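A short worksheet on the structure shown next.
The values are calculated or read from the model by the stated rules, or taken from the named source; none is laboratory data. Every value quoted in this text rests on a predicted model; they were computed, and no experiment measured them. Here Cβ is always computed from backbone atoms with ideal geometry, including for glycine, and neighbour counts include all displayed protein chains. Ligands, DNA and RNA are stripped out before the accessible areas are found, and what is left, the full protein with its side chains, is counted by its heavy atoms. Shrake-Rupley method; radii C 1.70, N 1.55, O 1.52, S 1.80 Å.
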Amino acid sequence: MSLLDMTVTKMKQYNKLPGRFFRLMPVIALATVLSAGCRKVFDFEPTNTVDASQMYRNVTDADAAVIGIYGQVMRLAKNYVLLNELRGDLMDITPNSDIYLRQLSEHNVTVNNPYTDPRPFYRVIMNCNDVLKNFKIMVQQNKMKQAEFDQRYSDVGAIRSWLYLQVGIHYGTVPYITEPIEDVNGIQDADRFKKINLNELIKELVKFMESLPSTDDYPAGSTLQTVVDGYSTSRFFINKNILMGDIYLWDGQYRKAATSYRKVMDINGPSGQGEDFYNQYRVSSFNESSITYARAQDFSSITYTPGWRYLFERPADRQFGWEWIWVLPFDRNYEPVDPFIDLMSLNGGSYLVRPSQQSIDYWDSQMQIYTFTAGTSTAAAIFRDNFPFDARGFFSFKVFNGQPVIMKYLYNYLDVNGNPVNTFNKSGKWFLTRAATLHLHYAEAANRDNQYKVAYAIANRGIKETFDTLPAAARTRDVTKWQQTFLDPPYDFDAREGDGPAYRNTWYRNQGIRGRASVKPWVIDSSKYFNMTVAAPRPVTDAEGLRRFLEDNIILEDALELAYEGDRWPDLLRVALRRNDPSFIANKIYDKLIKSGISAGAAGQARAKLLAGNYFLPFKW
Amino acid sequence: MCGKNRLLITAFLLAIGFTACKKWDDHNQVGNPDLKENLMEGLSVNADLSKFTEYVKKAGLDSLLASSKTFTVWAPDNDALQNLDPAIVNDIARLKSFISNHIASQTYYTRNAQIQQRVAMLNGKFNNFLGTKFEDANIVRADVPLKNGVLHVIDKPILVLPSIWEWVNSTTGQYNQNAFIAALNFNFFDSTLATIDSISALTGKPIYRPGTGFVLKNMFTEKVQNIKAEDKQFTYFVITNAGFTTESDSLKPYYKTASSSVTDTLSKYYTVRDLAVEGIYPASAVTGLLSKFGAAILPDLTTLVETRKLSNGVVHIFNKLDVRTAAKFNEIVIQGENPTGFLSDKTGNTNYRVRVNPTNNKDFADIMISGHGVTAYYAYYRLNDIPSIRYRVFALGTNDFQTGTFAQTVVSKSYVPPATPGGLPTYTTLASLTHNVPLYTAAGAYNEVNVGEFTPNNFGMLEIQMTSTATNPIVLDYLRLVPVP
């Protein structure tokens, strides 16, 4: 039982009768039947379940309903990661995997595949529908204040939209039901519940999400912002602005998507000061989240703790909160058990999935920079082009006995030698959203909104360095006119850092996704996309070419930074649909299967299927 | 179904069962009368094996062959044994060894010997079994199955031969080369064989009984080829005394030491270490054979004195056999990232790097030390057993980390460890070769550069010090030392 489920159960326990009663019950019942057979004996209230009349009485009940929904969402963790990653090109099956995992990986799913059953998703959706309906009744009957209703209704509404986006992504054409129905199987009734395709679904979700009364997080002091069993609930809840941005991104409303994302990037307000202000969700160089080396050019001196790797291990401390936006914890003391250890670990697990060779090749194809000249800690490096591979790969997977193992989910379980610290202590986290996800999606939106330089800056070395004519020059100079975008919202960034006059402006610590990972920025062939015959700022001559070049690289960056975190298939599908280019997805899957070593035979068939636009799983009830 | 019917069926089935029982004996009785007899009985009933049977009994192996263990016997027939040396027959120990040389544990059928099998015999020797050949003998009657094994009849006796090691030790008077190898023995302490008297209360370590746990080992069998091993086969070359002296003397200049007797031993050792190869080669096929250390063996075939078959190989004795001096010396590659040590601890300035060579897009590892602040700082690489031969030095190190150009020096020194514990080693500088480190943008920056030559004065240890010019950086992918005779 998860700590989230606990609340519901604790509430239910009020009505529990002593166990002795149950033990005596058959005797009593038998005696009663034998003696009298009186009908009244069976007319007692149910004793170990909550009757509908006992729910939704006050805001505490509403909180329990919200927590209950999240408890059910947690049980989708395994399916979520398998559907979103194994169908993509970063995760692969192992020789231990069963036929159904193989089907997922090879895009050849039969209807009896248990991993592709949509019912677990719909079960939660139906519960959301019920909760939403009752919340409305509660606020009408003044059992809950309007502000409390706004927060809770929006949260459950967002979770339902997120679930619908998931089923839409994987099943394509699905029934969109927003009213509670008595029996889940009732949705098979094709007349009552017409199936709609992904496009129509996204339009519906935009409409619904825009109608939500609140997009903010639960405010501090709210009964849902608390500590449960040692876990702060501040990262339990879905971020509605990011979901809104994602839905806009799917819908092609890029300016609105960027605006939604930007609200989260400025979570501590547009102006302010202090560590939280400068660091939270800004991909800051002060975040303890970078790839760093004790000696700039010595790979063996890479920093394990703190740093990028530690993001996946560290407890929910202050720095954790600067990067992570939505994380659900699995604790050894509560159900559900962390499903990822069994899925991924070679020791203490079944090792059913592994990193694909394709994903390893993505990291190997990168070049690192080192930020300091040898022997000094201040002067910028001169040569930056021959330190091979991306160290994020080094931390995302590890090879034990020749077997590559996905490590991101296992840092709370395995020690440095790859052995379980305690075999039975299966604690872990379900990583859903973090600042890097936010920034990369923002960059994707900005690029499609023709803000190429902003997209480039966010994904590469940050605003300050990109919007500066002398990126490495000392901060003692006057930077008044540099290090800022001079654009309208949501692309207005001021990252000035100077000492004369003094600036430490809002974004000055932003170091960009690739800057943080210590890899080389992308090199754009200017002559290909810009008119080089005129003076700067040079006009773009091939906007579509530039946009696609940047988009390809942003999607690749998603693979490097967010591998195995459940983003890959949606990222690939979104771009393939946007470009109406199935080969974008088909060729990547083909390459993964060819390199897999155990799936090469299925590669041709998978590519042909995807090239024909068959992206979706069979919707089998 | 009513009870009556069920009874009827049961009765019927029983009837069938009893009638079938009559034929049961036919099914499991031994059809082949040979399988009723054990090997000893099988031998006895064969008139043409009477001599072998007699010798088996005389050697006291009859009860073994009648036992329930499984054996294979390759029995020579009476014709084959008629000329057997009576000395063998009259010496029970030799006879037992001779007879055991025809018996192996487990069964070996000719069908198992499609490819050559080296079969362990009861006397500890190994014989080759291939098809219908057992060593030199032909199998005239094959694969006779018996209760406890297999019997083959062969047309020649298989005499017990000494191993190469035994032969070497028995001919030390005749061949100086064998005398030298036999003298390379040393005592080795193997704690698992020693008797523990007590455990020291002071150190907690065992105290061994004096004189126990020592094993005699030999440098040649340990480091060159284990010619003691019976389960392998070797081809061993012997040069008769005059030729051996000529050959070993030709190496003396390269193994100069302070003591002429040490030099003599070294030059002989470096001669003999190329004179044994694994596998059996007839004298006609040995020219150009590569030794374990990569040198080609070039005998003068006209001077072949004798070829002698031994239990674990063959010996070819030549008056003249040459191994080219140049082939004796191999090039040495020193990887920059694996230094033996440093002048002083500058860990914070030492980068073990992984880089990409942009000309071939391959990764390589090197060492780069920068900002160390020590004049003439160095990383050193120590080499053992280096002959006194001219070495040409090629260096590869590329400056891909700073704009300022610099040079570094490859200082080679002979190194004599301290004579007494706590004493100082003796260094003699042989050469200081300047390596101008190319900038990564220069043409051929990732090609190795010939920086010069040096020659050690004596055989022994070397220390190569990769030395900085003033406090400049050091960068090294590898050094390649190529011998130039």
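May I ask you to verify whether A:Phe486 is open to solvent by less than 40 Å² (accessible area, probe 1.4 Å) and not basic (Lys, Arg)? In short, no. Before we move on, is A:Tyr310 touching a Phe, Trp or Tyr at 6+ places or on another chain (Cβ under 8 Å) and within 14 Å of another protein chain (Cβ to nearest Cβ)? Answer is no for this residue.
Only one of the numbered conditions (1) touching a residue at least 24 places away in the same chain (Cβ under 8 Å); (2) touching a helix residue (DSSP H, G or I) at 6+ places or on another chain (Cβ under 9 Å); (3) outside any loop (DSSP other than H, G, I, E, B); (4) open to solvent by 30 Å² or more (accessible area, probe 1.4 Å) is not met by A:Lys528, and that is (1). Checking each residue in segment B:256-272 for being open to solvent by 60 Å² or more (accessible area, probe 1.4 Å) and either among the β-branched types (Val, Ile, Thr) or touching a Pro at 6+ places or on another chain (Cβ under 7 Å) (or both) picks out B:Val262, B:Thr265. Is it the case, given these coordinates, that B:Ala276 is more than 20 Å from B:Pro485 (Cα to Cα) and out of contact with any strand residue (DSSP E or B) (no Cβ under 7 Å at 6 or more places or on another chain)? In short, no.
Against the test of being under 14 Å from A:Ser285 (Cα atoms), part of a loop (DSSP other than H, G, I, E, B) and not polar (S, T, N, Q), the options A:Trp507, A:Trp482 yield a single qualifying residue, A:Trp507. Number of residues in segment B:330-368 that are modelled with pLDDT under 90 and under 30 Å from B:Tyr254 (Cβ atoms): the value is 1. For A:Ile177, the conditions (1) open to solvent by less than 10 Å² (accessible area, probe 1.4 Å); (2) closer than 30 Å to A:Gly613 by Cα; (3) part of a helix (DSSP H, G or I) all hold with the exception of (3). I need a count of the residues in segment A:349-390 that are away from chain B (no Cβ under 12 Å), modelled with pLDDT of 90 or more and open to solvent by 30 Å² or more (accessible area, probe 1.4 Å). Result for segment A:349-390: 5.
Yes or no, residue by residue, for (1) out of contact with any Ser or Thr (no Cβ under 9 Å at 6 or more places or on another chain); (2) touching a residue at least 24 places away in the same chain (Cβ under 8 Å):
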site	(1), (2)
A:Tyr254	yes, yes
A:Tyr261	yes, yes
A:Met265	yes, yes
A:Gly269	yes, no
A:Gly274	yes, no
A:Ser290	no, yes
A:Ser300	yes, no
A:Arg332	no, yes
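Taking every residue in segment A:483-495 that is more than 24 Å from A:Ala473 (Cβ to Cβ) and pairing it with any residue that is of a type in the set (Phe, Trp, Tyr), at least 6 positions away or on another chain, the pairs with Cβ-Cβ distances below 9 Å are A:Pro490/A:Tyr261; A:Pro490/A:Tyr442.
Checking each residue in segment B:358-370 for being at the interface with chain A (Cβ under 10 Å from one of its Cβ atoms) and surrounded by fewer than 18 Cβ atoms within 10 Å (Cβ to Cβ) picks out B:Pro358, B:Asn361, B:Lys362, B:Asp363, B:Ala365.
Within segment B:124-147, the presence of a residue that is in contact with a Phe, Trp or Tyr (Cβ under 9 Å, 6 or more places away or on another chain), in contact (Cβ under 8 Å) with a residue 60 or more places away in the chain and of a type in the set (D, E, K, R) is excluded.
A quick yes/no check of all residues on (1) among the β-branched types (Val, Ile, Thr); (2) surrounded by fewer than 17 Cβ atoms within 10 Å (Cβ to Cβ); (3) farther than 25 Å from B:Pro162 by Cα:
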position	(1), (2), (3)
B:Asn46	no, no, yes
B:Ser50	no, yes, yes
B:Gly60	no, yes, no
B:Phe71	no, no, no
B:Trp74	no, no, no
B:Leu81	no, no, no
B:Pro86	no, yes, no
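Just one residue in the set B:Val482, B:Val475 is surrounded by 13 or more Cβ atoms within 10 Å (Cβ to Cβ), within 14 Å of chain A (Cβ to nearest Cβ) and in a strand (DSSP E or B); that residue is B:Val475. Outside any strand (DSSP E or B), in contact (Cβ under 8 Å) with a residue 60 or more places away in the chain and among the β-branched types (Val, Ile, Thr): does that describe B:Thr287? It is false that B:Thr287 is outside any strand (DSSP E or B), in contact (Cβ under 8 Å) with a residue 60 or more places away in the chain and among the β-branched types (Val, Ile, Thr).
Checking the structure you have, find out if any residue of segment A:203-219 is small (Gly, Ala, Ser), farther than 23 Å from A:Val81 by Cα, open to solvent by less than 50 Å² (accessible area, probe 1.4 Å) and touching a helix residue (DSSP H, G or I) at 6+ places or on another chain (Cβ under 6 Å). Yes, that holds for at least one residue. For A:Asn108, the conditions (1) under 28 Å from A:Asp217 (Cα atoms); (2) in contact with a helix residue (DSSP H, G or I) (Cβ under 7 Å, 6 or more places away or on another chain) are fulfilled apart from (1).
What residue, of B:Val374, B:Val323, is over 29 Å from B:Asp385 (Cα atoms), touching a residue at least 12 places away in the same chain (Cβ under 8 Å), more than 9 Å from chain A (Cβ to nearest Cβ) and surrounded by 15 or more Cβ atoms within 10 Å (Cβ to Cβ)? Among B:Val374, B:Val323, only B:Val374 is over 29 Å from B:Asp385 (Cα atoms), touching a residue at least 12 places away in the same chain (Cβ under 8 Å), more than 9 Å from chain A (Cβ to nearest Cβ) and surrounded by 15 or more Cβ atoms within 10 Å (Cβ to Cβ).
Identify all residues within segment B:339-373 that are more than 36 Å from the chain's Cα centre (by Cα) and charged (D, E, K, R); write none if there are none. Matches in segment B:339-373: B:Asp345, B:Lys346, B:Arg353, B:Arg355.
Each row is one residue, and each column tells you yes or no for (1) open to solvent by less than 30 Å² (accessible area, probe 1.4 Å); (2) closer than 30 Å to A:Ala296 by Cβ; (3) not in a strand (DSSP E or B).
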| site | (1), (2), (3) |
| --- | --- |
| B:Val277 | yes, no, no |
| B:Gly294 | no, no, yes |
| B:Glu306 | no, no, no |
| B:Val314 | yes, no, no |
| B:Asn338 | no, yes, yes |
| B:Asp345 | no, yes, yes |
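For the condition modelled with pLDDT under 95, touching a strand residue (DSSP E or B) at 6+ places or on another chain (Cβ under 9 Å), open to solvent by less than 80 Å² (accessible area, probe 1.4 Å) and not in a loop (DSSP other than H, G, I, E, B), A:Leu4 qualifies. Selection of segment A:531-571 for residues being hydroxyl-bearing (Ser, Thr, Tyr) and open to solvent by less than 60 Å² (accessible area, probe 1.4 Å) yields only A:Tyr564. Looking across B:Val410, B:Val393, one residue alone is touching a residue at least 12 places away in the same chain (Cβ under 8 Å) and in contact with a His (Cβ under 7 Å, 6 or more places away or on another chain). It is B:Val410. Restricting to segment A:595-620, name every residue that is open to solvent by less than 20 Å² (accessible area, probe 1.4 Å) and in a loop (DSSP other than H, G, I, E, B). Once the filter is applied, which keeps residues that are open to solvent by less than 20 Å² (accessible area, probe 1.4 Å) and in a loop (DSSP other than H, G, I, E, B), segment A:595-620 yields A:Ser599, A:Tyr615, A:Leu617.
Which ones in segment B:149-205 are buried (at least 16 other Cβ atoms within 10 Å of the Cβ), part of a strand (DSSP E or B) and either of a type in the set (Gly, Ala, Ser) or in contact with a Cys (Cβ under 8 Å, 6 or more places away or on another chain) (or both)? Residue satisfying the conditions is B:Gly149 alone.
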